[in-house]
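Down below is the structure, laid out as structure tokens.
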Ligand code: ADP
Ligand code: SF4
């Protein structure tokens, strides 16, 4: 296929100071849960992005000194010379594909507690650190400022030695000291670094000048600036101080990388924002500078990208999440394979990797984070190692992915689905408020499967054990999913809740199939991810008075890991949903729900016509168990392997269902279950070098 000429503009080279990017695709900095602890894995991950056509591939935040220690989160580190080889490994991987390597060196200032190094955090003025911990940052004196500038300069020089082409000065997301100096509410200094905006900008200006002076001959110097904090005039705003900051420094850096601050505002999920949502805030920047501008906005559509460039909003299409979901996005546009783009769904499971300090993972891209330790590649998969056909039962995310991976390996694949629609839980859940983009998990896979000649799909085919035994497939993969339990058993209640057996007890499955309860309704959320909150929204849409009761301290508690906890709480408050935290549900009878306070143990009651219980799911495993119990028949039927994947194996996230289906299909002809091949071990040669 050839590229659509409308997209030619995306493939123009762009000069950034002393370097040239080969096209306009720019992988902006993103965390990954690996950071300094897994340099090989990270190098492989970034290398795949470069291979996929991104002209610039950037690191995550890279700490420049032990007073900027983000433990227990795993970010990059460039404290001293000992850190250079690990980062150089990434540079090599990126350069191997003719891309530019960028590094976001930074000092966390008052945003991290320095738990690992036990150093006191630094700030323009005395203040508690941003992420809740009983730690305060101390106000920097002039010698601290001089030291900070020296650390940044030294880090820039080390970055150049590691081979980086672009070196950042970082002032965004409320995470960096340069930004803390900009913020009037945090910087109450009375010297030349505080007070009027010009003074608050001084440190940022000095660091840019230092960096240009230190490495600007060979490296481009980029500034990442948060242009709006979305808190109104008490913060930095795009039409207030950010405008003036860019105007003051317009031509100083070689590139402006502009976004919203904090991270939660910057990486909004599809539940709360659409593609291109930052344009309103960032569009002013290009009017003030001749330097190239990069911005983000969950761009996955080449038309939107072209529009950003043509209308003079951006020079580079910045992307973190779209590059995670599809590292080969630029190559696919280049080759005219628009349908093949695996679009990010905006769920922020990737963000949860950073919050849990574990390998990056992605709902859409099961290979993400597994490039080095499992040797997985997003576009290539080993050819089948044996002959035979594969029967996949269930076309949810696990079944679809298993079918696709097996088909790409060259197997003849048969995919049977009981329903008339493909997609399983994704099809159902994407009809809930705010989750429409999640349908992309299904759409992309179905689109890919229908292009393959070795795949047959059977809809409205409820499969029973004898069908399987008579089918003649070599490998059988059961992906029959899970259903929500209605008995209230979950984290809090080990046994069925009294009264949770009548017609007034609903589960998310009922709501998704269109069966709405009578109001007032009480939602019992002991699941703590998105479902309870989304069901509450649906109830309010239907005009039902709604109360959400949860044993947790906040609603949708796990969504702190996807940056959504606050937006969800705000949305539910705005919709008039009453939230009752720290409370368990222990009974239901005659429109009366019995509640027990987790704080005092006291029992109380509430009136509700119906209860929606969102606690846990049970695998739909009957088909698997029935087949498993007929071992001899399986052999006679020529079935070499029988397995279950996804939610019917162990209910979890959609991301885990996709991963599970993918992993199984990759190992179909392996001798045993796939093991982690490699892991990174601490180097016994590592030594502590004092950082002056
Ligand atoms: P997962 O998340 O593991 O992919 P889902 O619940 O999303 O699971 O999807 C399971 C799919 O399996 C559903 O679409 C369901 O209709 C289908 N299914 C369940 N049992 C059978 C069966 N016996 N035959 C065919 N399809 C089935
Ligand atoms: Fe996009 Fe979700 Fe993948 Fe993150 S995990 S890149 S938000 S699809």
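Are there any helices (runs of 4 or more DSSP H) wholly within region 296-402 with 2 or more residues that are in contact with a helix residue (DSSP H, G or I) (Cβ under 8 Å, 6 or more places away or on another chain) and either within 16 Å of ligand 2 (Cβ to nearest atom) or modelled with pLDDT under 95 (or both), and if so which?
321-325, 329-334, 349-356
Just need a number here: residues in region 73-120 that are touching a helix residue (DSSP H, G or I) at 6+ places or on another chain (Cβ under 6 Å), touching a residue at least 60 places away in the same chain (Cβ under 8 Å), in a loop (DSSP other than H, G, I, E, B) and surrounded by 24 or more Cβ atoms within 10 Å (Cβ to Cβ).
3
If we keep just the residues of region 268-280 that are surrounded by 24 or more Cβ atoms within 10 Å (Cβ to Cβ) and touching a residue at least 40 places away in the same chain (Cβ under 8 Å), which is farthest from residue 201 (Cα to Cα)?
Among those that are surrounded by 24 or more Cβ atoms within 10 Å (Cβ to Cβ) and touching a residue at least 40 places away in the same chain (Cβ under 8 Å), it is 271.
Being surrounded by 13 or more Cβ atoms within 10 Å (Cβ to Cβ) and not in a helix (DSSP H, G or I) is the filter here; which residues of region 139-153 pass it? Write out each step before concluding.
Step one: list which residues in region 139-153 are surrounded by 13 or more Cβ atoms within 10 Å (Cβ to Cβ), which gives 139-140, 144-145, 147-153.
Residues satisfying the conditions are 139, 140.
Anything in region 41-72 that is over 20 Å from residue 154 (Cα atoms) and in contact with a helix residue (DSSP H, G or I) (Cβ under 7 Å, 6 or more places away or on another chain)? List them, or say none.
Scanning region 41-72 gives 42, 43, 44, 46, 47, 49, 50, 52, 53, 54, 57.
For region 154-177, which positions are touching a residue at least 60 places away in the same chain (Cβ under 8 Å) and in a helix (DSSP H, G or I)?
Pass one, region 154-177, residues touching a residue at least 60 places away in the same chain (Cβ under 8 Å): 154-156, 158-159, 161-170, 172-177.
Within region 154-177, 154, 155, 156, 158, 159, 161, 162, 177 qualify.
Would you be able to say whether some residue in region 626-633 is in contact (Cβ under 8 Å) with a residue 40 or more places away in the chain, touching a strand residue (DSSP E or B) at 6+ places or on another chain (Cβ under 9 Å) and part of a helix (DSSP H, G or I)?
Scanning region 626-633 turns up at least one residue that is in contact (Cβ under 8 Å) with a residue 40 or more places away in the chain, touching a strand residue (DSSP E or B) at 6+ places or on another chain (Cβ under 9 Å) and part of a helix (DSSP H, G or I).
Which residue out of 439, 485 is surrounded by fewer than 21 Cβ atoms within 10 Å (Cβ to Cβ) and either more than 19 Å from residue 536 (Cα to Cα) or in contact with a helix residue (DSSP H, G or I) (Cβ under 6 Å, 6 or more places away or on another chain) (or both)? I'd like the intermediate steps shown before the answer.
Working: 485 fails: either more than 19 Å from residue 536 (Cα to Cα) or in contact with a helix residue (DSSP H, G or I) (Cβ under 6 Å, 6 or more places away or on another chain) (or both).
Step by step, each of 439, 485 is checked, and only 439 is surrounded by fewer than 21 Cβ atoms within 10 Å (Cβ to Cβ) and either more than 19 Å from residue 536 (Cα to Cα) or in contact with a helix residue (DSSP H, G or I) (Cβ under 6 Å, 6 or more places away or on another chain) (or both).
Could you list, in sequence order, the residues of region 1-34 that are touching a helix residue (DSSP H, G or I) at 6+ places or on another chain (Cβ under 7 Å) and on the phi > 0 side of the Ramachandran plot?
Result: 33, single match.
Of the conditions (1) at negative phi; (2) crowded, with 24+ Cβ neighbours inside 10 Å; (3) outside any helix (DSSP H, G or I), residue 46 fails just one. Which one is it?
That leaves (3) as the condition not met.
What's the number of the only condition in (1) touching a residue at least 40 places away in the same chain (Cβ under 8 Å); (2) closer than 24 Å to residue 20 by Cα that residue 322 fails to meet?
(1)
Looking at this structure, is residue 428 more than 9 Å from ligand 1 (Cβ to nearest atom) and part of a helix (DSSP H, G or I)?
no
State all residues of region 403-423 that are in a loop (DSSP other than H, G, I, E, B) and either in contact with a helix residue (DSSP H, G or I) (Cβ under 6 Å, 6 or more places away or on another chain) or within 16 Å of ligand 2 (Cβ to nearest atom) (or both); if no residue qualifies, say none.
421, 422, 423
Among the residues in region 649-659, are any in a strand (DSSP E or B), at pLDDT 95 or above and in contact with a strand residue (DSSP E or B) (Cβ under 9 Å, 6 or more places away or on another chain)?
Going through region 649-659, the residues in a strand (DSSP E or B) turn out to be none.
The answer is no, given that none of the residues of region 649-659 is in a strand (DSSP E or B), at pLDDT 95 or above and in contact with a strand residue (DSSP E or B) (Cβ under 9 Å, 6 or more places away or on another chain).
The values are calculated or read from the model by the stated rules, or taken from the named source; none is laboratory data. Treat the numbers as computed from the prediction; the structure is a model and nothing was measured. Cβ atoms come from the backbone with ideal geometry, glycine included; neighbour counts cover every protein chain shown.
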